[in-house]
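Chemist: Quick one: the structure is below, questions incoming.
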């Protein structure tokens, strides 16, 4: 019972939630980029709506809310660890490689979170028919969302280096 | 010129290049 109220237990709990949400988010991001997008052109035309109408909306739900909970738990975790402000200013003036590393990772993650909620999701809403759009607008929206998703895949590599590697700094 | 992000392979390579930049940045700042 003592452990349940101990600060360290809550630290572990928030860290666990942060990692689980992050797996949900980056797992879907990599699914889109490594599996779905390269496979779509190979799927017979009559079967494509199965992906676009059923799998994509569901995957986008877990993807964007995974991103939201990752950043929420991440910020709480940094605050509980006492380095939130130092990480926001990427450790400048604090002579801490640890806070610089986690700070750069946090900023990369924040850019990715912004891409998800303010570029990918609004454009995908046109693509899956939630926001009304003309065929030309849908084409532009799909291209924009696709590129932002690729940017996030690129950024996920250094972001994960910072997150996983921070304990070595 | 083709956008390198249209290729998954080039996206991954760019991700690793960016990681090297981040490592150098960590040591330069701290």
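Chemist: What order do you get for A:143, A:150, A:64 when you list them from fewest to most C-beta neighbours inside 10 Å?
Modeler: The most exposed by this proxy come first: A:143, A:64, A:150.
Chemist: Extent of region A:99-169 along each principal axis, from alpha carbon coordinates, in Å, largest to smallest?
Modeler: Here the spans come out as 51, 15, 13 Å, largest first.
Chemist: Further question: Report the relative contact order of chain A, percent, no decimals, based on alpha-carbon pairs under 8 angstrom and at least 6 residues apart. Walk me through the numbers before you get to the answer.
Modeler: Working: 162 pairs, mean separation 41.3, N = 169.
Result for chain A is 24 percent.
Chemist: Quick one: order A:154, A:163 by neighbouring beta-carbon count within 10 Å, fewest to most.
Modeler: With the fewest neighbours first, A:154, A:163 line up as A:163, A:154.
Chemist: Here's a follow-up. What 222 nm value per residue comes from the helices of chain A, counting each DSSP H run with n ≥ 4 as -39,500 (n - 2.57) and dividing by all residues, nearest 500 deg cm²/dmol?
Modeler: Values: 7 runs with 115 residues, N = 169.
Here the helix-only value at 222 nm equals -22500 deg cm²/dmol.
Chemist: Using the alpha-carbon centroid of each, what span in Å lies between region A:4-23 and chain B?
Modeler: Answer, in whole Å: 30.
Chemist: List A:13, A:73, A:32 from most exposed to least, where exposure is judged by having the fewest other Cβ atoms within 10 Å.
Modeler: Working: A:13 13, A:73 20, A:32 23.
Starting with the residue having the fewest Cβ neighbours, the order is A:13, A:73, A:32.
Chemist: Semi-axes of the equivalent ellipsoid of region A:2-168: what are they in whole Å, largest first, if each equals the square root of 5 times a C-alpha gyration tensor eigenvalue?
Modeler: Working: eigenvalues 244, 59, 36 Å².
Equivalent ellipsoid semi-axes, largest first: 35, 17, 13 Å.
Chemist: Pull out a ≥ b ≥ c, the square roots of the eigenvalues of the alpha-carbon gyration tensor of region A:51-119, then state rounded if a/c is under 1.5, prolate if not and a/b is larger than b/c, and oblate in the remaining case. Let's see the in-between values first.
Modeler: Working: a/c = 4.16, a/b = 2.72, b/c = 1.53.
Verdict is prolate for region A:51-119.
Chemist: Can you give the mean number of other chain Cβ atoms that lie within 10 Å of the Cβ atoms in peptide B:2-13?
Modeler: Mean shielding by partner chains, rounded to a whole number: 4.
Chemist: I'd like the mean, over residues of A:155-162, of how many other protein chain beta carbons sit within 10 Å of each residue's own Cβ. Walk me through the intermediate numbers first.
Modeler: Working: counts 4, 3, 10, 10, 4, 2, 8, 4.
For this peptide, the per-residue mean of nearby foreign Cβ atoms is 6.
Chemist: Measure nothing but the geometry: give the 0 to 90° angle between the long axis through the Cα atoms of A:56-80 and the longest principal axis through the Cα atoms of chain A, rounded to 10°.
Modeler: For A:56-80 against chain A, the angle is about 10 degrees.
Values quoted throughout were computed directly from the atomic coordinates according to the rules given, and no laboratory measurement underlies them. Here the structure is a predicted model, which means the values were calculated and not measured. So basically every Cβ, Gly included, is an ideal-geometry build from the backbone, and we count neighbours across all protein chains shown.
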